[in-house]
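The values are calculated or read from the model by the stated rules, or taken from the named source; none is laboratory data. Treat the numbers as computed from the prediction; the structure is a model and nothing was measured. Methodologically, a virtual Cβ is constructed for each residue, glycine included, from the backbone with ideal geometry; neighbour enumeration extends over all protein chains shown.
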Amino acid sequence: MKVRHVLGISGGKDSAALAIYLKMQYPELNIEYYTTDTGKELDETYELIRNLEIFLGKKITRLTASTDGDNHGYDSFDYLLNLKFQFLPSSQARWCTQTLKLAPFEKFVGNDPVISYVGIRGDENRDGYISKKPNIQSIFPFRKNIWSEDVINKAFTNKQIGFMLDSLLTIPREPAPDYVELLSQPVTIKFPVKKKADLLFERDTTITNALIYAFIKTTDYPLAQSESFPLLDNEDVLVKEDIFRILRDSGVGVPKYYEKVSFEVNGKTGEYARSRSGCYFCFFQQKIEWVWLYEQHPDLFQKALDYEKKGYSWNDNETLAELIMPARIMQIKEDYIKKEQDKKNQGRVSSKLIDILTDYEDGEIGCAACFI
């Protein structure tokens, strides 16, 4: 069966940059692009998707959680909220991610063998919230280690050492002596799989990729059905600055919601913006982002507020009606300015647009399906 190559466009900077990067670096890959539309995205998200379609020369398939025939006139989110769950999603009950993002994707690919490209960057240390179906294999092109955690854990178990050493003999290029020694070293509690893999990638990325690919060919992973894979020779490591450069240089552009807006409170000035793609009412937003939504998109904030009228709230300890009280807004802004100033005093804040997300990405993380 032919292996499908797919890439989900969340509307965020990383997935958009990944689509551009793969088209430019690996045009031989026949990639299917898709986006899972909740019906609650910011307008800037749809603008980014339109710009990407022009650049890619391909349509981006729109996926939804329900078909037009059975959604009773609702968009995907309202359909599920009103007719199934009847409570707002939260960090403890993330039904939105599973049903609005992952389920439509898994239906889209069915049981076909699939390589799914994920835009987690080289300066992030996570795999993200991704599908665990056995016919879907995730690849992370922006990282030195392009493989998912489950592949690494299987490839570098102690029982695979002999296979890896034998496979090393089939590689034309001679590895460094310490590489062979490292590859031969057994995994222990003090020398876990991740540490071993990280050291091997540091020593020689392309040889390590070749060994992992040789292992994959003995498994049921989708990539085992491919005769070759061009990313095996990829040694690029892309970080946040690279992402914004790719978006700008391609002409696709940076989503407008990343642009900082100045505000003033009690004689102090600060700047805020939205840090993520996804639904405008996402519960992963920080307080300052809710204030941004209230002041920059009051119509959308009102819609988010209306959802709370049934007795549920987007935040665990505060309703939106409480959050927008004048004194509370002032407090949120002052707290945010102080937090940013403290970081600046510690040498952690840059004036560049690429650093607008640092605070959010160092703190609570959402999920790969929505924000990448």
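Among the conditions (1) among the polar types (S, T, N, Q); (2) under 21 Å from GLU32 (Cα atoms); (3) surrounded by 15 or more Cβ atoms within 10 Å (Cβ to Cβ), ASN145 misses just one, which is (2). Whether a residue is of a type in the set (A, V, I, L, M, F, W, C), touching a helix residue (DSSP H, G or I) at 6+ places or on another chain (Cβ under 8 Å) and crowded, with 19+ Cβ neighbours inside 10 Å was assessed, and LEU300 does not pass this test. Kindly indicate whether VAL261 is touching a helix residue (DSSP H, G or I) at 6+ places or on another chain (Cβ under 9 Å), crowded, with 18+ Cβ neighbours inside 10 Å and not acidic (Asp, Glu). No: the conditions fail for VAL261.
Residues are listed down the side, and each one gets a yes or a no for (1) part of a helix (DSSP H, G or I); (2) closer than 28 Å to LEU56 by Cα:
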position	(1), (2)
VAL180	yes, no
PRO186	no, no
PHE201	yes, no
LEU211	yes, no
PHE215	yes, no
ALA224	yes, yes
ILE243	yes, yes
THR269	no, no
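PHE301 versus (1) in the same structural domain as THR45 (by TED's automatic domain parsing); (2) free of Cβ contacts under 8 Å to residues at least 60 places away in the same chain: which is the lone unmet condition? With (1) in the same structural domain as THR45 (by TED's automatic domain parsing); (2) free of Cβ contacts under 8 Å to residues at least 60 places away in the same chain applied to PHE301, the lone miss is (1).
One residue alone among ILE212, ILE216, ILE246, ILE207 is buried (at least 18 other Cβ atoms within 10 Å of the Cβ) and without any contact (Cβ under 8 Å) to a residue 40 or more places away in the chain, and that residue is ILE207. Taking residues in region 1-23 that are within 16 Å of PHE140 (Cβ to Cβ), and partners anywhere that are of a type in the set (D, E, K, R) and buried (at least 20 other Cβ atoms within 10 Å of the Cβ), the pairs with Cβ atoms closer than 7 Å and at least 6 places apart or on different chains are GLY12/ARG276; ASP14/ARG121.
Taken over region 30-69, the criterion of being closer than 17 Å to LYS101 by Cα, crowded, with 18+ Cβ neighbours inside 10 Å and touching a His at 6+ places or on another chain (Cβ under 8 Å) is satisfied by LEU42 alone. Screening LYS154 with (1) in a loop (DSSP other than H, G, I, E, B); (2) within 21 Å of SER226 (Cβ to Cβ); (3) basic (Lys, Arg) gives one miss only, at (1).
Only one entry in ASN51, ASN145, ASN111 is in contact with a helix residue (DSSP H, G or I) (Cβ under 6 Å, 6 or more places away or on another chain), at pLDDT 90 or above and not small (Gly, Ala, Ser), namely ASN145.
Looking at PHE156, PHE140, just one residue is buried (at least 16 other Cβ atoms within 10 Å of the Cβ) and not assigned by TED's automatic domain parsing to the domain that holds ASN209, and that residue is PHE140.
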